[in-house]
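Asker: My questions all concern the structure below.
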Amino acid sequence: MQLLPANRESISKAVKALSDGLLVAFPTETVYGLGANALDTAALERLYAAKGRPTNHPVIVHISSADKMSQWASVVPPAARLLAEKLWPGPLTIILPKADHVPEQLTGGQASVGLRVPSHPVALSLLQAFEGGVAAPSANKFGKLSPTSAEDVVQGFDVNEIAVILDGGPCEVGIESTIVDFSTEIPRILRPGMILPEQIEAIVKQAGAHLYHPGFTEPAKTIASKVSTPTTGPTTEKADPAKVQQTRAPGMLASHYAPSTPLTIIDTAKLQASLEELLKQGKRLCVLSWHKRTRTDLPWITAPSEPETYARQLYRSLRSLDRENADLIVVESVPATEAWSGIADRLQRASVPANDPQE
Ligand code: TXA
Ligand code: MG
């Protein structure tokens with residue numbers, strides 16, 4: 001494992017490692033990724049093994065520009081193309097029916113592939129220099145918190161698991177990309193992130209399509225007739241969106257992104273009383289809240305008021321609270337608005353104990 005400041009020389013080393021079938025961790029604007037040559041099946045096996053990830057969980061292919069989409073996808077609907085043109089490079093992943101040559105190891109056996117052009121300059125330089133696609137899940141062990149610094153990556157892996165870690169500083173966005181699925185007729189957001197859903201909806205509409213919302217009743221057809229329906233896909237559009245989200249993308253178990261300490265989300269109005277009650281029960285607590293620190297004896301992180309800042313610091317805050325060895329991390333609930341939807345989603349997933357997956 002070589003931890004190197006990201007520069008031209010270290011990026012060349014990383015390219016060499018990828019070409020040799022080894023793993024490279026690199027910064028993106030969302031979280032750090034653990035990359036492998038997307039067309040090298042032995043490297044993909046190494047990637048799944050290092051991550052401890054079941055092989056039916058698809059990984060995202062990172063590419064250097066939108067014009068490479070058609071190298072990976074058999075169909076690129078106009079709305080997906082417009083979304084890519086408007087929002088890439090950026091924290092957006094687009095799921096499309098996969099091209100025939102795309103290995104199933106990459107797609108978890110599904111007929112679709114996830115593509116993303118990240119905006120972090122180090123990620124872009126790496127992708128341009130490597131030329132091929134880089135398969136990269138977040139650079140954490142399966143089910144753990146995503147890394148937002150090179151140091152987080154170092155701490156998460158054994159020395160021989162990763163060849164090169166490029167240090168590009170802390171991640172700007174802080175939570176994973178928004179995922180939009182175009183592999184079925186009606187595109188839908190599979191994982192919210194920091195791009196506003198209404199912004200995605202407006203672009204999709206501009207291209208003459210509609211984004212899924214819970215009122216739809218049409219069956220979910222795949223857009224390419226030669227592409228078989230994913231075995232894990234929903235059969236009707238009526239299904240509960242939360243459920244659909246879990247079945248469509250097997251990587252998104254309810255218990256993803258969890259700290260080791262159990263985490264509970266408490267409404268603002270009940271926070272004070274709940275804290276008192278839990279303390280009375282003898283629980284050792286630590287807190288992430290907008291409330292001013294009321295108990296100086298508790299590890300307490302004051303939450304940022306803007307969603308962008310909250311997201312940027314979220315995983316770092318949870319990692320730091322996790323190190324307190326408390327019985328419970330108490331997080332004050334966030335507003336139920338679109339701007340907070342990505343953060344609410346990650347908190348929700350973090351609130352399920354890691355050893356109790358609720359798929
Ligand atoms: O921001 C991000 O997306 C980061 C950085 C490194 O780019 N990557 C990331 O990867 O979060 P990962 O593997 O931790 O999460 C990707 C999610 C998984 O839940 C996976 O199931 C889903 O994307 N996914 C990938 N390909 C898919 C596909 N073809 N169909 C459905 N879901 C897919
Ligand atoms: Mg992940």
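Computed from the coordinates by the stated procedures, all read-outs in this text should not be read as laboratory data. Quick caveat: nothing in here was measured; it's all calculated off a predicted structure. As a convention, Cβ positions derive from the backbone with ideal geometry for all residues, glycine included, and neighbour counts pool all protein chains shown.
Asker: When only Cα pairs under 8 Å and 6 or more residues apart are kept, what is the percent relative contact order across the stretch 259-353? Numbers along the way, then the final one.
Answerer: Values: 123 pairs, mean separation 43.4, N = 95.
Taking the mean separation of contacting Cα pairs over the length of the stretch 259-353, I get 46 percent.
Asker: Ok, one more. Can you tell me the relative contact order of the stretch 1-77? Whole percent, Cα pairs under 8 Å, sequence separation 6 or more.
Answerer: Details: 48 pairs, mean separation 12.2, N = 77.
Contact order relative to length: 16 percent.
Asker: Could you list which residues have their amide H under 5 Å from that of residue 98, counting only those 5 or more apart in sequence or on another chain, with H placed in the peptide plane?
Answerer: 74, 112, 113
Asker: Dimensions of the stretch 25-78 along principal axes (Cα, Å, largest first)?
Answerer: Dimensions of the stretch 25-78 along the principal axes of its Cα atoms: 36, 25, 17 Å.
Asker: Hey, another quick one. Full extension from residue 101 to residue 86: what is 0.36 nm times the residue separation minus their Cα-Cα distance, to one decimal in nm?
Answerer: 2.7 nm
Asker: Straight distance only, please: which aspartates and glutamates reach the Cα of residue 144 with their own Cα at less than 14 Å, same-chain residues fewer than 8 apart left out?
Answerer: Counting by Cα, and skipping residues close in sequence, residue 144 has these aspartates and glutamates nearby: 152, 176, 322, 356.
Asker: Oh, and also: Could you give each residue of the stretch 313-328 its phi-based ³J(HN,Hα) in whole Hz, using Karplus coefficients 6.51, -1.76, 1.60 with θ = phi - 60°, and x for Gly or Pro?
Answerer: Values per residue, Gly and Pro as x: 9, 3, 5, 4, 4, 5, 4, 5, 5, 4, 6, 6, 6, 7, 7, 8 Hz.
Asker: If you don't mind, another one. Within the stretch 133-163, name every residue whose backbone N is under 19 Å away from a label modeled 7 Å from Cα of residue 7 along the Cβ vector.
Answerer: Within reach of a label on residue 7: 150-151.
Asker: Given an 8 Å cut-off on Cα distances and at least 6 residues of separation, report the relative contact order of the stretch 1-159 as a percent.
Answerer: Details: 306 pairs, mean separation 53.1, N = 159.
Worked out over the stretch 1-159, it gives 33 percent.
Asker: Going toward the positive end of the dipole of the chain, with +1 on Lys and Arg Cβ and -1 on Asp and Glu Cβ, which of 174, 105, 56 do you reach last?
Answerer: With unit charges placed on the Cβ atoms, the residue in question is 56.
Asker: Can you divide the C-alpha Rg of the stretch 272-359 by 2.2 N^0.38 Å and report the result to two decimal places?
Answerer: Numbers: Rg = 13.3 Å, N = 88, 2.2 N^0.38 = 12.1 Å.
Expressed relative to 2.2 N^0.38 Å, the Cα Rg reads 1.10.
Asker: Still on this structure: Which residue, 119, 138, 70, has the most motion in a Gaussian network model of the chain that connects Cα atoms within less than 10 Å?
Answerer: The residue that fluctuates most here is 70.
Asker: Would you pull out the residues with amide H under 5 Å of residue 263's amide H, same chain only if 5 or more places away, H placed 1.01 Å from N?
Answerer: Counting only residues 5 or more places away or on other chains, the set is 329.
Asker: Contour minus end-to-end for residue 45 and residue 160, with contour as 0.36 nm per residue of separation and end-to-end as the Cα-Cα distance? Before the final figure, lay out the partial values.
Answerer: Working: separation 115, 0.36 × 115 = 41.40 nm, distance 1.50 nm.
Using 0.36 nm per residue and subtracting the Cα-Cα distance, I get 39.9 nm.
Asker: Once fully extended, how much extra length lies between residue 305 and residue 274, figured as 0.36 nm per residue of separation less the alpha-carbon to alpha-carbon distance?
Answerer: Numbers: separation 31, 0.36 × 31 = 11.16 nm, distance 2.18 nm.
That works out to 9.0 nm of additional length.
Asker: Treat each spin label as a single point 7 Å out from the Cα along the C-beta direction, and report the residue 206 to residue 338 distance in nm.
Answerer: 1.4
Asker: Of 51/86; 16/86; 51/205; 16/68; 86/292; 51/98, which pairs sit farther than 28 Å apart, going by alpha carbon to alpha carbon? Show your work: numbers first, answer last.
Answerer: On the way: 51/86 32 Å; 16/86 32 Å; 51/205 37 Å; 16/68 21 Å; 86/292 40 Å; 51/98 23 Å.
Long pairs (Cα-Cα over 28 Å): 51/86; 16/86; 51/205; 86/292.
Asker: When the dipole is taken about the Cα centre of the chain, and only Lys, Arg (+1) and Asp, Glu (-1) are charged at their Cβ, what size is it in debye, to the nearest 20?
Answerer: In total the dipole reaches around 160 debye.
Asker: May I pose another question? Quick one: Karplus J couplings for the stretch 164-180, per residue in order, coefficients 6.51, -1.76, 1.60, θ = phi - 60°, nearest Hz, x for Gly and Pro?
Answerer: 9, 10, 8, 8, x, x, x, 7, 5, 7, x, 10, 4, 4, 6, 10, 10
Asker: If you don't mind, another one. log₁₀ I(q)/I(0) of the chain at q = 0.12, 0.13 Å⁻¹, via Debye over equal Cα point scatterers, no solvent, to two decimals?
Answerer: Scattering profile of the chain, log10 relative to I(0): -0.87, -1.01.
Asker: From the helices alone, meaning DSSP H stretches of at least four residues, give me the mean residue ellipticity at 222 nm for the chain, per-run term -39500 (n - 2.57), in deg cm²/dmol to the nearest 500. Intermediate values should be presented prior to the final figure.
Answerer: Numbers: 12 runs with 115 residues, N = 359.
Counting only the DSSP helices, I get -9500 deg cm²/dmol.
Asker: So who's got an amide H within less than 5 Å of the one on residue 3, skipping anything under 5 residues away but keeping other chains? H placed 1.01 Å off N, in plane.
Answerer: 165
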